[in-house]
Amino acid sequence: MSEASDLLELQGIDLDILRANKRLDELPEKRAILEARVKQREAATLKQKADLLLRKLEGEIKVRQDELTTLGEKIGTEQEKLMSTSDHRQVQAISREMDGFKRRVDKVEMEELQYMERAEKAKSQVAAIAQHLAKLAEKETELIDRFKVVGGAIQDEVAKLEKRRVKLAKGIEPKLLSRYEAIRASKGGVAVGVLEESGCSACRMTLPVERRADLEAGPDVGICPHCRRLIVVRQDAE
């Protein structure tokens, strides 16, 4: 095959690769996987917040449990003082102190119960979110397995095309290949046209007779004067 024919085949392969990758990107399984991952991130963020709230509530409960322990010790100490004195004024003072401690105990116990109720709700929320995350992870695994089956066939197709592409590229002069790659990148993937009777097959513009004559008098691969793409003038020249 001529270099011009190789160039045309190379473009055909590149377009096939683009189409295959587009099919791969548009697979419903891929979109579903991405959506599942977004939901997982959202649920994970929510779980972090719920975990933080639970830790704070447990911390508040611990503070009150520690205070109740301290209050209990203080009441015990005052009780001992009360039992060891018969002085009326001391008895009254100790009794007032103990009453203050007991009122504080009642308040702290009420706060502890309130925090415990909130903590139980937070635990339920954390458990529910964890269960939801597990279901999302399971769903993602199922989608990935399905994607591997459907997308794997497309990936195999792309791999074969890329293998053929490497072989073809080796047969094209480096400067011409470099120019092809640059034009392909700037022209939406179509870098080569063919000189037809009416003009360039890539841009569909009719070429004046003199421009067509110039191309025919030149090398096998020229430049379209309209779209500036490569244009194959002759495919079979050796």
>> Which residues among the range 118-136 fall inside the zone where the amide N is under 15 Å from a point 7 Å beyond the Cα of residue 35, along Cα→Cβ?
In response: 136
>> What is the sum of charges, Lys and Arg at +1 and Asp and Glu at -1, for the other residues whose Cβ falls under 13 Å from the Cβ of residue 229?
In response: +4
> Tilt of helix 3-25 relative to the longest C-alpha principal axis of the chain, in degrees (0 to 90, nearest 10)?
Replying inline: 30 degrees
> Which angle from 0 to 90°, rounded to the nearest 10, does the C-alpha axis of helix 88-170 make with the longest principal axis of the chain?
Replying inline: 10 degrees
>> Using only DSSP helix segments of four residues or longer, with each worth -39500 (n - 2.57), what per-residue ellipticity at 222 nm results for the chain after dividing by its residue count and rounding to 500?
In response: -28500 deg cm²/dmol
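Rounded to the nearest 5, what is the percent of antiparallel bridges among the DSSP beta bridges in the range 176-232? Walk me through the numbers before you get to the answer.
Numbers: 5 of 8 bridges.
Antiparallel bridges: around 60 percent, rounded to the nearest 5.
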> When the Kirkwood radius is taken over all Cα pairs of the range 176-232, what Stokes-Einstein diffusion coefficient follows at 10 °C and 1.306 mPa s, in µm²/s?
Replying inline: 142 µm²/s
>> Report the gain in length on full extension from residue 99 to residue 73: 0.36 nm times residue separation, minus Cα-Cα distance, nm rounded to one decimal.
In response: 8.0 nm
> What percent antiparallel are the DSSP beta bridges of the chain, to the nearest 5?
Replying inline: 60 percent
> Can you pull the percent of Cα pairs in the chain with separation above 27 Å?
Replying inline: 66 percent
>> I need to check one value: relative contact order of the chain, counting alpha carbon pairs closer than 8 Å and at least 6 residues apart, in percent.
In response: 32 percent
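Read-outs throughout are calculated quantities, based only on the coordinates presented, and are distinct from any laboratory measurement. Being a predicted model, the structure only gives us computed values, none of them experimental. Cβ coordinates were reconstructed from backbone atoms using ideal geometry, including for glycine residues, and neighbour counts include every protein chain displayed.
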